[in-house]
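The values are calculated or read from the model by the stated rules, or taken from the named source; none is laboratory data. Only a predicted model underlies this, so the values are computations on that prediction, with no experimental measurement involved. Quick reminder, even Gly has a Cβ in these numbers, built from the backbone with ideal geometry, and neighbours come from all protein chains shown. We work out accessible area using only protein heavy atoms, side chains counted, and drop any ligands, DNA or RNA first. Shrake-Rupley method; radii C 1.70, N 1.55, O 1.52, S 1.80 Å.
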Amino acid sequence: LGNRTTANGYGIVLGSAAGNLLQENTAQGNVYAGVYMEGSADNRLEGNTIDDNQGIGLFLHTATGTTLTGNRLCGNPFTDIGTHSSGGSGVDNQCDGTEGWNDADQTGCTHACPAEEGHESYLPLVTR
């Protein structure tokens with residue numbers, strides 16, 4: 001609860017972990033991922049800020065039954081949420097890019113990230 005990770009390879013890692021709650025943490029400026037979960041089950045992420053990491057915001061690798069509620073995942077250049085997992089659910093999350101993740105009744109996250117300084121460079125470039 002309330003931890004802050006910056007400038008690490010991975011910000012927060014859950015490996016072979018089950019039934020945990022990650023709440024109101026901040027993971028920013030980490031190299032590979034802000035939060036990385038592998039071989040984990042039934043963990044909850046609520047009210048976290050996972051912004052401006054150099055790779056992926058949240059990567060769920062064989063992490064089943066993950067629940068995401070009210071998290072902000074913005075400005076992560078590879079993708080905000082990437083998953084190679086199944087059985088996850090989410091609602092009221094904020095992000096721009098996902099690979100394999102959808103909030104309930106949504107494609108992607110419920111809310112888009114605001115166009116803030118530092119985030120514009122991650123928007124897709126459209127040329128004609």
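Quick notes on this one:
- Relative to the current alpha-carbon distance between Thr67 and Glu38, full extension at 0.36 nm per residue lengthens the span by 9.0 nm.
- Net charge dipole size for the chain [Lys, Arg +1 and Asp, Glu -1 on Cβ; Debye, nearest 20]: 240
- Solvent-accessible surface (1.4 angstrom probe) belonging to His84, in square angstrom, nearest 10: 120
- Toward the positive end of the charge dipole of the chain, with +1 on the Cβ of Lys and Arg and -1 on the Cβ of Asp and Glu, the farthest Cα among Ile50, Thr83, Gln23 is that of Thr83.
- Measuring how big the chain is from its alpha-carbon positions, Rg and Dmax come out at 13.5, 49 Å.
- Gained length - Val31 relative to Ala115, 0.36 nm times residue gap less alpha-carbon distance: 28.0 nm
- The string of couplings for segment 55-62 from the Karplus curve (6.51, -1.76, 1.60, θ = phi - 60°) is x, 9, x, 10, 10, 9, 10, 6 Hz, one whole number per residue in order, with x for Gly and Pro.
- Candidates Gly100, Gly82, Gly11: whichever shows maximal mean-square fluctuation once the chain is modelled as a Gaussian network with Cα springs under 10 Å: Gly100
- Residues whose amide H comes within less than 5 Å of that of Ser40, counting only those at least five positions distant or on another chain, are Ser16, Ala17, Ala63, Thr64 (H built at 1.01 Å from N in the peptide plane).
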